[in-house]
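Read the structure below first, then the notes.
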Amino acid sequence: MSGKHHNNLTLKVPLLSKWKLGHFRDDEEKVIASHPSNKNAISFFRTCLNGVNAISGVGILSVPYALASGGWLSLALLFCIAAAAFYSGILMKRCMEKNSNIKTYPDIGELAFGKIGRLIVSISMYTELYLVSIGFLILEGDNLSNLFPIEEFQVFGLSIGAKKFFVILVAVIILPTIWLDNLSLLSYVSASGVFASGVIILSISWTAAFDGIGVHQKGDIVNWSGIPTAVSLYAFCYCAHPVFPTLYNSMRNKHQFSNVLIVCFILSTAGYASMAIIGYLMFGSKVDSQITLNLPLNKISSRIAIYTTLVNPISKFALMATPITNALKDLLPRTYKNNRVTNMFVSTVLVISTVIVALAVPFFGSLMSLVGAFLSVTASILLPCLCYLKIFGSYSKFGFETVTIVVIILVAIAMGISGTYISFVEIVQNLQ
């Protein structure tokens, strides 16, 4: 669908649809992804930086483990999931262009299914973003404790081990980035995250080629029992859809958003596939849920990869947490909404809560698999497809597009159920 036709759709918004969205707002500003002022509207390039940073997340460390779980043939599933996630992103864009009052992901759910739709979308997206943020802290704790093993010590009668100490330390470092609420400023933070992802791939490739590890593992063609885990982790790689409305509304030229998605998905998927293949060839079935935990610590290239890995969560945490903090701020009384001290307090409480959960459930691979199977599949594939069918009435038209979307929905449901069950069982077993 061309950009010109999209604009025509926007101009022909039914008054009833506008009323549906406006009725529940009560004139309150929905700050999750509100239209920025002209001075804060950001360029195509900066939007791409934010988009690649959001999509190409810490999943880059777990794709070798995903490939090892499912075998070589499961790599095809990565590309299938990437294609489905890209298409659902396009569907979200069409929904946002259908009604100019749509500013957030929950708005799309409300336009499609009313208050119930808003509630379901809100719960799924905020839970997903929250758990991804927790995964960032777990990753930091695992890698830092691997680099700098320290002995357990006591603080106010509590035993603090290396992982717990580093999770808390990283949270303190990340906190100032949560206080930023301008995506134009966050794009500079995102640039460091995109650069870090590239450095990680190059460093690990260097370790394989020149530091004695090599790429000698043959691996399995397919491992049917591990396919649900592989699919869940692949889906986790594309869990950025709740951020898309924020990115869309922050753009200076919104008609270019489709091109932004193309750039972001191509670059991110190329990075994921490269890392999966290199990591699996290096360590085979023995690869850990984070490939950095397999790297020899006495090699400079390995240390560069690990140190750079530590930059990624710091650069991405704010982008993922911003929709949550803005939603929490929106619940405050009007007199406190724009209070800087109050906003900082809300952001700080959110970070503290993620630390508590990260310390209680420190299982990166299982947690990310659960996020991918249940939440990423729901928020990034299933809900955009369902909302699009309802908003555009496509479910009543039996055409190629409708058939394609229905197939995606059915496959997503099967992926979600099987992956969620396996991931949940793994977490319960680890807690025992």
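The values are calculated or read from the model by the stated rules, or taken from the named source; none is laboratory data. Just so you know, these numbers come straight off a predicted model, no measurement behind them. Don't worry about glycine lacking a Cβ; one is built from the backbone with ideal geometry, like all the others, and counts go over all protein chains shown.
Take PHE283 and decide whether it is surrounded by 21 or more Cβ atoms within 10 Å (Cβ to Cβ), in contact (Cβ under 8 Å) with a residue 40 or more places away in the chain and farther than 28 Å from ALA209 by Cβ. Steps first, answer last, please.
Numbers: surrounded by 21 or more Cβ atoms within 10 Å (Cβ to Cβ): yes; in contact (Cβ under 8 Å) with a residue 40 or more places away in the chain: yes; farther than 28 Å from ALA209 by Cβ: no.
Criteria not met by PHE283.
For region 55-72, which residues satisfy the criterion of being outside any helix (DSSP H, G or I) and either within 22 Å of ILE314 (Cβ to Cβ) or under 11 Å from the mean Cα position of the chain (by Cα) (or both)? Give the steps one after another, and end with the answer.
Step one: list which residues in region 55-72 are outside any helix (DSSP H, G or I), which gives 56-58, 71.
Across region 55-72, the qualifying residues are SER56, GLY57, VAL58.
For region 378-408, which residues satisfy the criterion of being of a type in the set (S, T, N, Q), over 17 Å from ALA83 (Cα atoms) and surrounded by 13 or more Cβ atoms within 10 Å (Cβ to Cβ)? If you could, list the steps in order and put the result at the bottom.
Of the residues in region 378-408, the ones of a type in the set (S, T, N, Q) are 378, 380, 394, 396, 402, 404.
In the following step, the residues that additionally are over 17 Å from ALA83 (Cα atoms) were identified as 394, 396.
Result: SER394, single match.
Of these, LEU137, LEU131, LEU144, which one is under 25 Å from ASN53 (Cβ atoms), over 20 Å from the mean Cα position of the chain (by Cα) and crowded, with 18+ Cβ neighbours inside 10 Å? Give the derivation first.
Values: LEU137 fails: over 20 Å from the mean Cα position of the chain (by Cα); LEU131 fails: over 20 Å from the mean Cα position of the chain (by Cα).
So the residue among LEU137, LEU131, LEU144 that is under 25 Å from ASN53 (Cβ atoms), over 20 Å from the mean Cα position of the chain (by Cα) and crowded, with 18+ Cβ neighbours inside 10 Å is LEU144.
Given the residues VAL407, VAL411, VAL425, which is the only one that is hydrophobic (A, V, I, L, M, F, W, C), out of contact with any Leu (no Cβ under 9 Å at 6 or more places or on another chain), within 19 Å of CYS239 (Cβ to Cβ) and part of a helix (DSSP H, G or I)?
Details: VAL407 fails: within 19 Å of CYS239 (Cβ to Cβ); VAL425 fails: within 19 Å of CYS239 (Cβ to Cβ).
Of VAL407, VAL411, VAL425, the one residue that is hydrophobic (A, V, I, L, M, F, W, C), out of contact with any Leu (no Cβ under 9 Å at 6 or more places or on another chain), within 19 Å of CYS239 (Cβ to Cβ) and part of a helix (DSSP H, G or I) is VAL411.
If I filter region 217-249 down to residues being closer than 16 Å to SER376 by Cα and of a type in the set (Gly, Ala, Ser), which single residue comes out as modelled with the lowest pLDDT?
Here the answer is ALA240.
Which count do you get for residues in region 369-404 that are within 15 Å of MET125 (Cα to Cα) and part of a loop (DSSP other than H, G, I, E, B)?
0
Output the residues belonging to region 345-368 that are under 21 Å from ILE417 (Cβ atoms) and touching an Asp or Glu at 6+ places or on another chain (Cβ under 7 Å).
SER366 - this is the single residue of region 345-368 that is under 21 Å from ILE417 (Cβ atoms) and touching an Asp or Glu at 6+ places or on another chain (Cβ under 7 Å).
Picking from THR309, THR335, which residue would you name as being over 15 Å from the mean Cα position of the chain (by Cα), under 26 Å from SER56 (Cα atoms), modelled with pLDDT under 85 and of a type outside the set (A, V, I, L, M, F, W, C)?
On the way: THR335 fails: under 26 Å from SER56 (Cα atoms).
Of the residues listed, the single one that is over 15 Å from the mean Cα position of the chain (by Cα), under 26 Å from SER56 (Cα atoms), modelled with pLDDT under 85 and of a type outside the set (A, V, I, L, M, F, W, C) is THR309.
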